[in-house]
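K.L.:
Got a structure for you, written out below as structure tokens; questions coming shortly.
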Amino acid sequence: DAKTTQPNSMESNEEEPVHLPCNHSTISGTDYIHWYRQLPSQGPEYVIHGLTSNVNNRMASLAIAEDRKSSTLILHRATLRDAAVYYCILSLFGNEKLTFGTGTRLTIIP
Amino acid sequence: EPEVTQTPSHQVTQMGQEVILRCVPISNHLYFYWYRQILGQKVEFLVSFYNNEISEKSEIFDDQFSVERPDGSNFTLKIRSTKLEDSAMYFCASRLIQAINEKLFFGSGTQLSVL
């Protein structure tokens, strides 16, 4: 299975943009890149996903490298409510279950 | 936005007892899942369920575990004889279709404590 690599933790100041990186150098052409987050004491929550092109939604933006070997989740203006563990997950063709890694624990500094 | 609902939020049981964890998936969703997360560890896949059948299960999902959709709205996870190592947060999830670009909706979880 293609794996993802994320930093264990990151910090950001409130109201500033946050860029969360993810490496997935063994990604195959049909794998989607998903981002989920898990707020304290909550279940995982969908953030965004993409295949090749950059994607925007109300929560975040996803920037995907041209070779697709890395991606970056962008929170445009972090709030305290964005403090969570962020998971970058590859959704593998023919195996649609999500396999969670350890993610990046994002701390927001007021 | 519609939600996946799980009850109870906390369940305490004695080792060897049976427990049933309950979930109400989003009403028009067709695919259902259970995941678990032991404290401080990763979220782990247990089982997926579609059309009243298990479609995939992990090594964790042994004979002590079973799932059921008893009435068209609820989705349950039963552990027949609980062990101490079953203590974890259990998350139910659902999705509309089984596709790699379809998002998964998770409930808030049931914290199971086995004493």
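The values are calculated or read from the model by the stated rules, or taken from the named source; none is laboratory data. Keep in mind the model is a prediction, meaning the values are calculated, not measured. A quick note on method: Cβ atoms are made from the backbone with ideal geometry, for glycine too, and the neighbour counts reach across all protein chains shown. Heads up: the accessible areas ignore ligands, DNA and RNA and are worked out on the full protein's heavy atoms, side chains in. Shrake-Rupley method; radii C 1.70, N 1.55, O 1.52, S 1.80 Å.
K.L.:
I want to check the label-to-label distance for A:E15 and A:R105. Put each point 7 Å from Cα in the C-beta direction and report it in nm to one decimal.
P.N.:
2.7 nm
K.L.:
Relative contact order for chain B: what is it in percent, counting Cα pairs under 8 Å that are at least 6 residues apart?
P.N.:
It comes to 38 percent, rounded to a whole number.
K.L.:
Give the average over all directions of the projected area of the C-alpha convex hull of chain B, one decimal, in nm².
P.N.:
7.0 nm²
K.L.:
So what is Rg over Rh here for chain A, counting just Cα atoms and using Kirkwood for Rh?
P.N.:
Ratio of gyration radius to Kirkwood radius for chain A: 0.95.
K.L.:
Before anything else, pin down the relative contact order of chain A: Cα pairs under 8 Å, at least 6 apart, normalised by residue count, whole percent. Intermediate results must be reported in sequence, preceding the final value.
P.N.:
Details: 264 pairs, mean separation 40.0, N = 110.
About 36 percent, as a whole number.
K.L.:
Rounded to the nearest 0.05, what FRET efficiency do A:I74 and B:T7 give with R0 = 35 Å and r taken as the Cβ-Cβ distance? Could you check?
P.N.:
Numbers: r = 36 Å, r/R0 = 1.03.
Using R0 = 35 Å, I get an efficiency of 0.45.
K.L.:
Given H placed 1.01 Å from N in the peptide plane, which residues other than close sequence neighbours of B:S87 have an amide H under 5 Å from its amide H?
P.N.:
So B:S87 has HN proximity to B:V114.
K.L.:
After finding the eigenvalues of the alpha carbon gyration tensor for the protein assembly as shown, what semi-axes result from the square roots of 5 times each, listed largest first in whole Å? Provide the component values of the computation, followed by the final result.
P.N.:
Numbers: eigenvalues 187, 79, 49 Å².
Semi-axes, largest first: 31, 20, 16 Å.
K.L.:
Strictly greater than 12 Å: what percent of every Cα pair in the range A:39-81 meets that?
P.N.:
More than 12 Å apart: 63 percent of the Cα pairs in the range A:39-81.
K.L.:
How much of the accessible area of the protein assembly as shown, probe 1.4 Å, is carbon plus sulfur, in whole percent?
P.N.:
Roughly 47 percent, rounded to a whole number.
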